[in-house]
Every structure is written in C-alpha cells, then in structure tokens.
Amino acid sequence: MKFVVIGLGSMGKRRIRCLKALGYHYIYGYDIRDDRRHEVERDYSIKTFSDLNELIEATNPDAFIISVPPDIHHEFIRLAIKQNRHFFVEASVLDMGMEEFMKDCSQRSIIAAPSATLLYHPAIGMIKDILDKEELGVLSNIIVHSGQFLPDWHKYEPVSDFYVSNPATGGAREIVPFELGWITHILGFPHRVCGNYRKTIDIPGAEKIEDTYNCLLDYGNFLGVLTVDVVSRYATRRLVINGDKKQLIWDWNYNAIQLFNPIEEKWEERSYKMDSAANGYNANIGENMYIEEIRNFIDAINRKRDFVNNLEKDYRVLQLLYAIEESDKTSQYVRIRS
C-alpha cells in the first residue's frame, strides 16, 4: 500500500513515524517548503516532492494523509474525493464544504477518516466502559479542563509562524472540537449549549486570537462544563464526573483513573499504560494513540473494521463549537439538533 503525507510539519512527520512503525515503506511526502522536505528526507529516508501532481503521477498512491493547516484541509479533501482516493485528515476546526464532502463520499467507496486521536487513549475507553456499566450511578455533572501554554506547542518556532496564531484556526478554538470529540463519544451530544470565549492575556505572536473558551453543555438530566485555554503554564487535561454512587477523576499526568467509593470510603485506582512521547512533545502525548489511529485507518481501507470517526460526526462536533460561539454573541443558549 502506498501513502502520500501531505504537509510535512510536526503532524506530517508524526504520521510518517506511524506508518513506519506499522511496517509500511512506500511513503511519499509533499510540502512546498524546501526546509521541511529536506528535513524529512534526511530523518525518515523517504522521497518528497514540491509538486503534488507530479507526486501523484509518479506514485499512484492508495491514500492521502492530510496534515496541512486546518484552513486548507478542504483543498486536499476535494482532490482525494475527485481522484477516488482514501484519505485521513487531521482534526478540523473549519467547516469548508463538509456537507458537500459527506454527499460525495457517500457516492463513492472511499474511506474518509477525520482524526479522533483521543479515542485511542486507553483512559477514554476505560471511562466509557465505566459509564456504560453505570458504575457511577445517576450522573450529575462533568467538568473538563484542557490547557497548554501556546508557545509550548512548538518550542522550535514562533507562535506567529504557524496556524494557531490565525483567528479562524487559533489554538484554543482548535482544541474545543478536539475535546468535544471524546466528550460526545462517552456522553453523546448535549441538548443545548452556551459559552464565552475571550482573549485574556498577551501571548507574543497570538495577538489576534481568543485564548480561553468556557462551554456549558446541557444534557437535560445532567450538566457539563468544558474549559479550553492556551494559557495554562503546566499542560493540563483533567476530568471530573460526579454520580450519585461514585466520583471519577482522570488527570492525564497520572496513568490512572481514580474512583471514589463512599460506602467503602476509599479511592480505587485503575491504571493503564501509555507509550513514551516523541522528542519535543509533552510526556503525556504518547505515540501509541497516533499509531493506533493510523492502524484503524488502514484496517478500514482493507475492510477489516470501521474507522472510529466519520465526516458526519465531525460535522456535528463542529456545529457545537459554532453554537457555543453564537451563544456568546447572543447571550442565549443554543439548542442542538439531534
């Protein structure tokens, strides 16, 4: 099987590592930047191109892996669909033709795989299993905080040099659907939402973006709160779920889920294993999640199992982000279509 990795920045390099870890060798890279192509050729020993049409003609790839900034995802999705090629695309924050893509893909036998990396985190699977078994009892509320100081994302380049400094694809804005993806996986979609988003501090290179989102998720019988920021000086992803039987806490800095049992008056710890992170990344961003995600994509191409995410769900998650932003502008809850 032959793959083209489109975009050779940090995520493109990561996807090359994933493919190599899975034993694939026919990997080709595309990027218009000479420095990135030279770096990838040196570090990963793959052939790269600055002309995508030339690459496709020379290699006839089976699948695209689209790892460019979110505001140009649609260009390469449209090309993949036109050429009837399977495609995997990194997490999105912009709806630039999603309904068109859903319709076109439904008329073709290609696999369209929008990224959902955290669904491959062992903790998310464990938490979903706990909820499905109703171990916590009747749910009351869920609290999620996700934050990491924006300059720490790519310590090797200024914030102004990559897409997180663009208001449409800003760091905090991008992470809201990233978190909502796994939240809706374990809880389903809320009935209505509201929220606020603001620029609260000065970050060099990020003068035009909002750095904090507060989101209220109304599920009817229970409530959720999601805070996403790019100001947390210590990288944080923390979850609390309160039920009438038990409390669940997950902090990604510790490889365990904690459950408090009030009858026994003690905490139970359920541990899991995470692989190490690549050099330069937060220690909690294990490579195994990304490898398993690409494995799932390839299995879907080979009709062994469905990909865990699809364009329809990705589209619905994006609508949650837009509804939260609309709520801030109108100071009203926004009802979510089922």
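A few remarks follow.
- Across the range 244-269, the number of residues qualifying as within 26 Å of the chain's Cα centre (by Cα), in a loop (DSSP other than H, G, I, E, B) and not hydrophobic (A, V, I, L, M, F, W, C) comes to 3.
- The listed residue being closer than 24 Å to Tyr315 by Cα, out of contact with any Gly (no Cβ under 7 Å at 6 or more places or on another chain) and either assigned by TED's automatic domain parsing to the domain that holds Cys18 or surrounded by fewer than 20 Cβ atoms within 10 Å (Cβ to Cβ) (or both), out of Ile143, Ile175, Ile124: Ile143
- Number of residues in the range 308-325 that are among the hydroxyl-bearing types (Ser, Thr, Tyr) and in contact with a helix residue (DSSP H, G or I) (Cβ under 9 Å, 6 or more places away or on another chain): the value is 1.
- Test: Phe149 is modelled with pLDDT of 95 or more, buried (at least 21 other Cβ atoms within 10 Å of the Cβ), aromatic (Phe, Trp, Tyr) and over 27 Å from Pro190 (Cα atoms): no
- Selection status of His73, farther than 21 Å from Gly9 by Cβ and modelled with pLDDT of 95 or more: no
- Residue match in the range 82-91 (condition: surrounded by fewer than 19 Cβ atoms within 10 Å (Cβ to Cβ) and either under 22 Å from Asn261 (Cα atoms) or touching a residue at least 60 places away in the same chain (Cβ under 8 Å) (or both)): no
- Residue in the range 319-331 that is under 30 Å from Asp275 (Cα atoms) and in the same structural domain as Gly125 (by TED's automatic domain parsing) present: no
- Within the range 95-118, the presence of at least one residue that is farther than 30 Å from Ile257 by Cβ and of a type in the set (Lys, Arg) is confirmed.
- Test: residue in the range 311-331 that is modelled with pLDDT under 95, aliphatic (A, V, I, L, M) and outside any loop (DSSP other than H, G, I, E, B): no
- Test: residue in the range 291-307 that is crowded, with 17+ Cβ neighbours inside 10 Å, assigned to a loop (DSSP other than H, G, I, E, B) and in contact with a helix residue (DSSP H, G or I) (Cβ under 9 Å, 6 or more places away or on another chain): yes
- Restricting the range 72-96 to residues that are among the β-branched types (Val, Ile, Thr) and in a helix (DSSP H, G or I), the residue that is farthest from the chain's Cα centre (by Cα) is Ile81.
Here is a yes/no grid of residues against (1) surrounded by fewer than 14 Cβ atoms within 10 Å (Cβ to Cβ); (2) in contact with a Ser or Thr (Cβ under 9 Å, 6 or more places away or on another chain); (3) assigned to a strand (DSSP E or B):
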position	(1), (2), (3)
Glu134	yes, no, no
Thr184	no, no, no
Ile201	yes, yes, no
Ala206	no, yes, no
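- As a summary of the residue check, Ser109 satisfies the conditions (1) surrounded by 15 or more Cβ atoms within 10 Å (Cβ to Cβ); (2) farther than 18 Å from Thr212 by Cα; (3) polar (S, T, N, Q) except for the one numbered (1).
- Residue check, Met96 in contact with a His (Cβ under 8 Å, 6 or more places away or on another chain), surrounded by fewer than 21 Cβ atoms within 10 Å (Cβ to Cβ) and not aromatic (Phe, Trp, Tyr): yes
The values are calculated or read from the model by the stated rules, or taken from the named source; none is laboratory data. All of these numbers come straight from a predicted model, not from anything done at the bench. Using ideal geometry, Cβ is built from the backbone for each residue, glycine included, and neighbour counts are taken over all protein chains shown.
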